[in-house]
There are 4 protein chains.
Amino acid sequence: MIPDEDFVQIQGVPGPTKEEVRCLVMCKARIASNDTVVDVGCGSGGLTLESARKARKVIALDKNPEALELTRQNLQKHGLTPKVQLVEGDALEVLEGIESFDTFLVGGSSGDLPFIIKQGYEKLNKHGRIVVTSILLETRVEAVDTLKELGMTPDVVEVTIAKGKITERGTMMLGRNPITIISAVK
Amino acid sequence: MIPDEDFVQIQGVPGPTKEEVRCLVMCKARIASNDTVVDVGCGSGGLTLESARKARKVIALDKNPEALELTRQNLQKHGLTPKVQLVEGDALEVLEGIESFDTFLVGGSSGDLPFIIKQGYEKLNKHGRIVVTSILLETRVEAVDTLKELGMTPDVVEVTIAKGKITERGTMMLGRNPITIISAVK
Amino acid sequence: MIPDEDFVQIQGVPGPTKEEVRCLVMCKARIASNDTVVDVGCGSGGLTLESARKARKVIALDKNPEALELTRQNLQKHGLTPKVQLVEGDALEVLEGIESFDTFLVGGSSGDLPFIIKQGYEKLNKHGRIVVTSILLETRVEAVDTLKELGMTPDVVEVTIAKGKITERGTMMLGRNPITIISAVK
Amino acid sequence: MIPDEDFVQIQGVPGPTKEEVRCLVMCKARIASNDTVVDVGCGSGGLTLESARKARKVIALDKNPEALELTRQNLQKHGLTPKVQLVEGDALEVLEGIESFDTFLVGGSSGDLPFIIKQGYEKLNKHGRIVVTSILLETRVEAVDTLKELGMTPDVVEVTIAKGKITERGTMMLGRNPITIISAVK
Ligand SMILES: Nc1ncnc2c1ncn2[C@@H]1O[C@H](CSCC[C@H](N)C(=O)O)[C@@H](O)[C@H]1O
Ligand SMILES: Nc1ncnc2c1ncn2[C@@H]1O[C@H](CSCC[C@H](N)C(=O)O)[C@@H](O)[C@H]1O
Ligand SMILES: Nc1ncnc2c1ncn2[C@@H]1O[C@H](CSCC[C@H](N)C(=O)O)[C@@H](O)[C@H]1O
Ligand SMILES: Nc1ncnc2c1ncn2[C@@H]1O[C@H](CSCC[C@H](N)C(=O)O)[C@@H](O)[C@H]1O
């Protein structure tokens, strides 16, 4: 994974998703070199960049123009620009106009997660994967319910990471916010 | 437990230990109404105040005079002053001069945890309890090793708490630093 | 708290809630000596017994007669029988017939959590507390949503505990299932 | 990653390391296609197989002949046999006779972790990586201390995973034992 500190960050745009969580999302996504990935809510580009290192093509969506600009900068910094198409807009509106894809990452949804998952599912190729990262109690359940409704069996992993900070006094364990990764195969 | 926000806090003095951790420390300490408690590293007074609500007497030590002053303020704010004796100094030096006690809480040690535990053990009454809270990888092991060396069987509980923050978008889970509580009975 | 191993246990009845979780539930419940507590889904009696040590009266409900019998045995073993009334039946049906109370503990709900919370709320005295323990992703959200709907502000604590097992090779950390405690004051 | 259930397992041999932890270990190990990996304590072959999918060559050590036989079976099942050399013996004794390598994975040590790390360090190529997985309180500290002693800066990640089990009643969160991954670059 790209180290957290190697991402340009700006205030007002969340991310990048921490290294360890990006790592687990990538494992669950099982992206193959010929795949097309859609990343809904690309934020700082954390998952967009990791996907771009593995996939043939990534389409990164965000409704916040600053997030797209930041993702663009991070892509450039890591030489990954050519593989990625940046699309500004609410996933609710722009997903419909997008080609079919093999992997559907959802990292932001603004209250419309069930609908976004359903729309992504429509465009998802057979055997394609959906991977949702959730930091809210509510969206975890929405993701599980929607994937079940679509006939899939969700894999649910709640991840709690503490990182050791090496200090003079010893190794201080610093907690991170828990994240739940919900994934399924079509 | 006293709500976290009901403690006066100042920069430079750690604590109070969060409500949920104070709760668990108090459970492990099993303080009876006739007990004398020693709190090493009283900091903001988090554990001193909770102990004072249960014990006959609490002796609160800290090597930082600001911590003692802050503990004094918090005791006053909650009407618990009469039960508590405040002692300034390094536990290494002042423990020796203190009367015997029933409960030994250790929340700070500055690299001398094994020695502090051993000194406390000397003054601990039979059936008394030692409860160490540790935020460093190293002190967890020091506590376990020292308690075993003294012939006790340590109870080790690693606690990871996430608190839900109610927001407009939903319940955001905010991680806390993990804390390990190591306790034993003489 | 009563040590886990001091509860009689039988197959087919869940519980007792582990010591550390009982401790946190009791802290959130803030039971006073004159209070009446209702424990919905008493199971092995874990929370019933702890409540009985603090309250004036406890009403323990379970729809499983074996759970009531087990709770009865555990009450007897710990000399807490006189304070507790055991009621067999589905909370949905029996709550209505019960006197008003100060503390409402919910540890089992069989899919009817929102309705059970609402019924409990009706009988809950002013300034009374509701404390729900949840092991399912779904019931956490149901509890939060229902408490918000009733105009309360839920306190949400997700607790992950690992216990150290002292072995010859060292202290092996054994994970427990995470539990979420959702509580609120009327 | 290879799904947990796709490994042959036998009683008496630990592993495979769970999918999510294998994923994080692989991320920390950053194995390149031309690398040689040494896996100390290959157990069921969990990390051996994952390494074999990325590296040029893997040398898998275990002092338990049953572990080597099981790893052999798992390699065969997944068509990864050609890349892996199996070596029976205590790491303490066999490491010395082994060629230099780029990645040093340690998943078992039987009380000799500091010495094993030091021996591995000797054979580790410049810019090579050491990744230790630890389930004991004590070995976490031994790993951190030894890596610091060798002049490296350890990255310490404590990972707590709960997996959702989809049941009729809802998504039950099942806790796993926490694991700490300590890694460093030469
Ligand atoms: N309905 C929607 N359509 C498109 N983008 C959305 C959206 N709802 C939220 N978002 C975006 O989702 C993002 C979530 S933060 C994502 C961080 C990202 N995974 C990283 O690693 O950097 C925000 O930038 C937000 O603007
Ligand atoms: N050797 C020692 N002797 C006395 N106090 C010590 C000490 N080493 C550290 N301390 C004190 O230990 C404290 C740790 S912070 C403790 C917080 C406290 N439990 C609360 O709830 O508020 C610090 O105030 C520090 O000054
Ligand atoms: N609707 C309902 N009404 C009454 N009891 C219920 C219920 N739904 C589930 N239960 C009961 O809830 C219990 C949950 S297990 C509770 C364990 C308990 N807190 C302890 O510490 O021992 C089970 O015994 C189950 O029979
Ligand atoms: N000093 C030593 N030398 C070699 N092997 C050792 C050792 N100490 C412990 N082991 C081995 O370390 C293994 C730890 S279990 C490892 C599981 C493995 N990572 C997997 O994913 O399958 C055991 O098989 C044990 O026999």
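The values are calculated or read from the model by the stated rules, or taken from the named source; none is laboratory data. If you're wondering where the values come from, they're calculated on a predicted model, not measured in any experiment. Virtual Cβ from ideal backbone geometry, glycine too; neighbours counted across all protein chains shown.
Numbers below:
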quantity	calculated
Residue in segment D:57-116 that is farthest from ligand 3 (Cβ to nearest atom), counting only those that are closer than 11 Å to D:Gly45 by Cβ and basic (Lys, Arg)	D:Arg72
Segment A:154-165: number of residues that are more than 30 Å from A:Pro114 (Cα to Cα) and either in contact with a Ser or Thr (Cβ under 7 Å, 6 or more places away or on another chain) or more than 7 Å from chain D (Cβ to nearest Cβ) (or both)	2
Among residues of segment A:20-35, those that are farther than 14 Å from A:Asn74 by Cβ and either within 16 Å of ligand 4 (Cβ to nearest atom) or not in a loop (DSSP other than H, G, I, E, B) (or both), counted	9
The lone exception for B:Leu70 - which of (1) in a helix (DSSP H, G or I); (2) in contact with a strand residue (DSSP E or B) (Cβ under 8 Å, 6 or more places away or on another chain) it fails	(2)
Filter pass, D:Cys27 being within 12 Å of another protein chain (Cβ to nearest Cβ), within 16 Å of ligand 1 (Cβ to nearest atom) and at pLDDT 95 or above	yes
Which numbered condition A:Gly46 misses (of (1) under 12 Å from A:Phe7 (Cβ atoms); (2) within 17 Å of the chain's Cα centre (by Cα); (3) surrounded by fewer than 24 Cβ atoms within 10 Å (Cβ to Cβ))	(3)
Criterion (within 16 Å of ligand 3 (Cβ to nearest atom) and not acidic (Asp, Glu)) met by exactly one of B:Cys23, B:Cys27	B:Cys27
Residue tally, condition more than 20 Å from B:Leu105 (Cα to Cα), out of contact with any helix residue (DSSP H, G or I) (no Cβ under 9 Å at 6 or more places or on another chain) and in contact (Cβ under 8 Å) with a residue 12 or more places away in the chain, over segment B:161-186	3
Considering residues of segment C:32-41 that are surrounded by 24 or more Cβ atoms within 10 Å (Cβ to Cβ) and either touching a Lys or Arg at 6+ places or on another chain (Cβ under 8 Å) or within 14 Å of chain B (Cβ to nearest Cβ) (or both) only, the residue farthest from C:Lys63 (Cα to Cα)	C:Val37
Subset of segment D:6-29 [free of Cβ contacts under 8 Å to residues at least 12 places away in the same chain and farther than 16 Å from D:Asp155 by Cα]	D:Gln11
Check on D:Val13, at pLDDT 95 or above and either near ligand 4 (Cβ under 8 Å from one of its atoms) or under 9 Å from the mean Cα position of the chain (by Cα) (or both)	yes
Segment D:44-67: number of residues that are aliphatic (A, V, I, L, M), more than 17 Å from D:Ile10 (Cα to Cα), out of contact with any Leu (no Cβ under 8 Å at 6 or more places or on another chain) and not in a strand (DSSP E or B)	1
Some residue of segment A:141-149 being of a type in the set (Gly, Ala, Ser) and without any contact (Cβ under 8 Å) to a residue 60 or more places away in the chain	yes
Tally, over segment A:169-178, of residues that are more than 9 Å from chain D (Cβ to nearest Cβ) and either more than 28 Å from D:Thr171 (Cβ to Cβ) or acidic (Asp, Glu) (or both)	3
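Matching residues to (1) within 11 Å of chain B (Cβ to nearest Cβ); (2) in contact with a Leu (Cβ under 6 Å, 6 or more places away or on another chain):
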| site | (1), (2) |
| --- | --- |
| C:Phe115 | no, no |
| C:Glu122 | no, no |
| C:Asn125 | no, no |
| C:Ile130 | no, no |
| C:Glu142 | no, yes |
| C:Thr146 | no, no |
| C:Met152 | yes, no |
| C:Thr167 | no, no |
| C:Thr180 | yes, no |
